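Contents: one structure, followed by commentary.
The values are calculated or read from the model by the stated rules, or taken from the named source; none is laboratory data. Every value quoted in this text rests on a predicted model; they were computed, and no experiment measured them.
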Amino acid sequence: MDYARLASDWREGDREAGNVLFSALSSELRAIAAARLRQERNCSLSIGDLVNEAMVKLFRLNLIEFRSRAHILALTSRLMRQILVDEARKRNAARHNHESVTLNTNVAEWEMPVDLMTIDMLLKDLHLIDPERSQIVEMRFFGGMSSEDIAEVLGLSEATVKRRWAATRAWLRHRLRHP
């Protein structure tokens, strides 16, 4: 299936292409959304809401050329992260306090709960140091993407992605323990 062509046709107004694309990616997008929402507490979004909001935002990315299934999943998982961070900010602002929103990630190599706002700030810091590693964390941590899919999106070998993920994971742990 040519995901890039379907996405392009969808953005150009072909609703059927959008339906085919959504159907083809639906189970993966729902799995990503479900994983993200399981890690949130007090979030009012449903799996369907998160997927739909991410797809609407994806549709609005007019200047991005979609390259593959993995690329679309990477962009969508980034959008889901942004949506969840925005939701957490809204909840915190509404409460007028600084209650943290904990992200209990199910990424196999990660064992500690992480505050969503903290990881968002760390990702911004990491992006200044190494944008590619920031993308790896975002795709792995928030998108639940495999090393193989991340390698495809970034044009790297799977072994390189695994090495960079391991090193970056250590950096994140250190920053979380010693802010």
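Pick from Arg36, Arg15: which is modelled with pLDDT of 85 or more and of a type in the set (Lys, Arg)? Outline the logic, then answer.
Details: Arg36 fails: modelled with pLDDT of 85 or more.
Only one candidate passes the filter, namely Arg15.
Counting only residues that are closer than 23 Å to Met80 by Cα and either polar (S, T, N, Q) or assigned to a helix (DSSP H, G or I) (or both), how many does the range 149-161 have?
Of the residues in the range 149-161, 7 are closer than 23 Å to Met80 by Cα and either polar (S, T, N, Q) or assigned to a helix (DSSP H, G or I) (or both).
With the requirement that a residue be in a helix (DSSP H, G or I) and under 13 Å from the mean Cα position of the chain (by Cα), what does the range 132-148 give you?
Filtering the range 132-148 for residues in a helix (DSSP H, G or I) gives 132-142, 147-148.
Ser134, Gln135, Ile136, Val137, Glu138, Met139, Arg140, Phe141, Phe142, listed by residue number.
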